[in-house]
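Participant: Take a look at the following structure, please.
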Amino acid sequence: MTDFMGFTPEIIDFLWQLRMNNHKAWMEENRERYQTLLKEPFDALSYQLYTRFTQEHPEFPVDYSVSRINRDVRFSKDKSPYKPRKWMVLKEPGTTAQQWKERPVLYFELMPEGYICGMGFYDSKPQYMRALRKRIDAAPQIFARLAQDMAQQKEFVLYGDKYKRPMSTKEYQPAVMEWYNRKSLDLVAESSIDDLLFSPDLVSLVLQRWEAMLPLYAFLRKTEIEG
């Protein structure tokens, strides 16, 4: 596979046009643009991120998955056939698509507005969140340090729906409760379109952002559902 040399500026026009012309006829007319502007460089980026990460962080065995452009519309009211965005994830080795969607992953996503580096869940389950709260209860001081470190920085934002009622009667620090009371977790650094998107240096930026999240990723990854 060729090295990632950066996306070309034309990728932004392509993604906007796909969003506005999301139908099969348009895609068939622009299939070659899709291959050269989006698929090929994104595949190269994904492979380079995977290889660099595994070389630099052997303590976290991973493999990777790249999204397809086609949407699964069988159970969706939105019948648009294509995704005007593309993402890749670093996931635990050997996990199926359903399995890794319920586990913590590191990810990169490109869209017309910009790009995202993140760590979180595609589809977290209540059983996992209960197991996570149990781990926090068992080691509140350890998790408090992790949560405080993330609360003190300005690059990452924590997303995820919260429970209406507190999930614990214990008096944890506010930084801990920001994680404890959530139904799902998504820690995100968002960037608008910038010069890095068109440079090979994008690889180093994504890895740098992932590395900042690794202590929390390690805690989440070690959380297992009992039974």
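The values are calculated or read from the model by the stated rules, or taken from the named source; none is laboratory data. Everything quoted here is computed from the prediction, not taken from an experiment. Cβ sites come from the backbone with ideal geometry, for glycine too, and all protein chains shown count toward neighbours. With ligands, DNA and RNA removed, areas are computed over all heavy atoms of the protein, side chains included. Shrake-Rupley method; radii C 1.70, N 1.55, O 1.52, S 1.80 Å.
Participant: Give the residues of the stretch 46-80 that are at pLDDT below 95, in a loop (DSSP other than H, G, I, E, B) and farther than 21 Å from THR2 by Cβ, sorted by residue number.
Facilitator: ARG71, ASP72, VAL73, ARG74, PHE75, SER76, LYS77, ASP78, LYS79, SER80
Participant: Here's something else I'd like to know. Quick one: how many residues across the stretch 62-82 are more than 16 Å from the chain's Cα centre (by Cα) and open to solvent by less than 70 Å² (accessible area, probe 1.4 Å)?
Facilitator: Selection size over the stretch 62-82: 8.
Participant: Moving on. Test of understanding: among ASP63, ASP72, which residue is of a type in the set (Asp, Glu) and in contact with a strand residue (DSSP E or B) (Cβ under 7 Å, 6 or more places away or on another chain)?
Facilitator: Going through ASP63, ASP72 in turn, the sole match is ASP63.
Participant: Among the numbered conditions (1) over 27 Å from GLU113 (Cβ atoms); (2) modelled with pLDDT under 95, tell me where GLU178 comes up short.
Facilitator: (1)
Participant: Among the residues of the stretch 1-43, how many are assigned to a helix (DSSP H, G or I), closer than 19 Å to ARG68 by Cβ and in contact with a Pro (Cβ under 8 Å, 6 or more places away or on another chain)?
Facilitator: Within the stretch 1-43, residues that are assigned to a helix (DSSP H, G or I), closer than 19 Å to ARG68 by Cβ and in contact with a Pro (Cβ under 8 Å, 6 or more places away or on another chain) number 6.
Participant: I would also like to ask the following. Looking only at residues that are out of contact with any Leu (no Cβ under 9 Å at 6 or more places or on another chain) and among the small types (Gly, Ala, Ser) in the stretch 27-81, which one is nearest to MET111 (Cα to Cα)?
Facilitator: SER67
Participant: If you scan the stretch 41-92, which residues turn out to be touching a residue at least 24 places away in the same chain (Cβ under 8 Å) and of a type in the set (A, V, I, L, M)?
Facilitator: ALA44, LEU45, LEU49, VAL62, VAL66, ILE69, MET88, VAL89, LEU90
Participant: Also: Do you know which residues across the stretch 213-227 are assigned to a loop (DSSP other than H, G, I, E, B) and among the hydrophobic types (A, V, I, L, M, F, W, C)?
Facilitator: Selection gives ILE225 alone.
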